[in-house]
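Read through the structure below, which is laid out as structure tokens, and then see the notes.
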Amino acid sequence: MAQKNDTTALIVAFLITAGLIGGGFWWFTQRSGSDLSRLLPSSSSAPTGNAEPDNPSGQTTATPGSSTNQAPQPAAAGFASVQNVPSGLFSYGGSTSWAPIRLTVDAALQAARPEFRLRYISPVGSAPGSGTGIRMLLRDELAFAQSSRPLSDQEYQQAQQRGFKLKQIPVAIDGLAIAVNPSLQVAGVTVDQLRAIYSGQVTNWNQIGGPDLVIQPLTRPLTAGGTIELFVEQVLKGGAFGANVQTIANTTDALRKLATNPGSIYFASAPEVVPQCTVKPLPLGQQAGNFVLPYQEPLVPPEQCPSQRNRLNIDAFQSGQYPLTRNLYVVVKQNGGVEEQAGDAYATFLLTAEGQTLIAKDC
């Protein structure tokens, strides 16, 4: 996600991501009471199989019934109580979906623990994203990385070839939302219909119960990050985008195009889509007629925005009822050095009660 986003969009996305992470924290405190050590099983540093827009926020995709997503687990009570925190300046980067955390929680963290300084590093010659951040971590350009998708077998293997291991620590839950023009009259789409649209099999909205209108699917580049990779894996099942799919540089441009083209459709992290005034988030389901709303009812019409904005259906994301959800991960280099200490400390800070509460309130 680009770092020069509109300030209002950043604040809105932060508040929504706050609800997601805060809701995950509440859910887990009610059901487990586990500490951080349980987030770091030995299996997290070994291959487990193959399992971002320019406006902030984000989360990991899994089909219903899978165990890919895990709610954040609380660790220490506050920033001051976290131990084994290394001193120094630590470079980090990665997923654009992490922008709200970088802009809010990290600032408060550094104010509370000035010995733990953070520096965001933008990639040179490529767009920021989960994969880019992990590659930079593998090249020793970062102390730890932020990802909106699980590590791949190839990334685990590349780390082993370089003499260390990687582990991923889930710290938040996010959903992918489908956006269309507000004037489009469609009850919703199923995951199968979404696959048909983006593979080029369905090209007119009247094929799935909508008006006689040509569909213009939009996507960011395949190299853009975890959001696109997750969509290809979970929706396209590893298949290719259809020839009619138009590639857009970033989410900001995609949302602008949606606002002017009644037939367009786009997917992105839910906090980047749901609160926007110029687009409409579509209900999504596994079966026709059984759609799950990515927003809380009632739907706020464009003319009432921005004084009112649509809010995420947090309960549906947390429960797994919504078809496309995902985790946000801190990716840590297990090399026994200060980088590993920094990555572990950062994840621990985010999982403290103070960190979760800070994200969940308006700063």
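The values are calculated or read from the model by the stated rules, or taken from the named source; none is laboratory data. These numbers were taken from a predicted model, which means no experiment stands behind them. For accessibility, only protein heavy atoms count, side chains too; no ligands or nucleic acids. Shrake-Rupley method; radii C 1.70, N 1.55, O 1.52, S 1.80 Å.
So what is the orientation-averaged projected area of region 141-210, using the convex hull of its C-alpha atoms, in nm²? Could you put the intermediate results ahead of the total?
Numbers: hull surface 31.7 nm².
About 7.9 nm², averaged over all directions.
Could you tell me what a quarter of the Cα convex hull surface of region 122-182 works out to, in nm² with one decimal place?
Over every viewing direction, the Cα hull of region 122-182 projects on average to 6.1 nm².
Using the Karplus curve 6.51 cos²θ - 1.76 cosθ + 1.60 with θ = phi - 60°, what ³J(HN,Hα) values do you get for each residue of region 135-144, in whole Hz, with x for Gly and Pro?
After applying 6.51 cos²θ - 1.76 cosθ + 1.60, I find 5, 5, 5, 5, 8, 6, 8, 10, 7, 7 Hz.
Let me make sure I get this right: for region 229-310, a, b and c are the square roots of the gyration tensor eigenvalues over alpha carbons, sorted descending. Under 1.5 in a/c it's rounded, otherwise prolate if a/b > b/c, else oblate. Which is it?
Working: a/c = 2.13, a/b = 1.32, b/c = 1.61.
The shape class here is oblate.
For region 209-345, evaluate the Debye formula with one uniform point scatterer on each Cα (no solvent term) and list log10 I(q)/I(0) at q = 0.09, 0.10 Å⁻¹, rounded to two decimals.
Ignoring solvent entirely, the Cα scatterers give -0.35, -0.43.
Roughly speaking, what is the centre-to-centre gap between region 323-344 and region 77-109 when only Cα atoms are used, to the nearest Å?
Value for the Cα centre distance between the two parts: 12 Å.
Roll a 1.4 angstrom probe over the protein heavy atoms and tell me the percent of accessible area of region 218-363 that is carbon or sulfur.
Details: 2690 of 5630 Å².
The C+S portion of the solvent-accessible surface of region 218-363 is 48 percent.
Take the residue pairs LYS167/LYS237; LYS257/LYS333; LYS165/LYS237; LYS237/LYS257 and return only those whose Cα atoms are more than 30 Å apart.
In this structure, LYS257/LYS333 lie more than 30 Å apart at Cα.
Just reorder GLU297, GLU340, GLU141 by solvent-accessible area, largest first, 1.4 Å probe, all chains present.
Final ranking, largest accessible area leading: GLU297, GLU141, GLU340.
Please compute the length gained on full extension between SER81 and GLN185, using 0.36 nm multiplied by the number of residues separating them and subtracting their Cα-Cα distance. Could the numbers behind the result be given before it?
Numbers: separation 104, 0.36 × 104 = 37.44 nm, distance 5.25 nm.
Length gained, SER81 through GLN185: 32.2 nm.
Just to verify a number: what accessible area does LEU142 come out at with the full protein assembly present, 1.4 Å probe, Å² rounded to tens?
Number for this one is 10 Å².
Taking the solvent-accessible surface of protein heavy atoms with a 1.4 Å probe, what is the per residue accessible area of region 188-243 in Å²?
39 Å²
What accessible surface, in Å², does a 1.4 Å probe find on CYS305, ignoring ligands, DNA and RNA and rounding to the nearest 10?
Per-residue accessible area (CYS305): approximately 20 Å².
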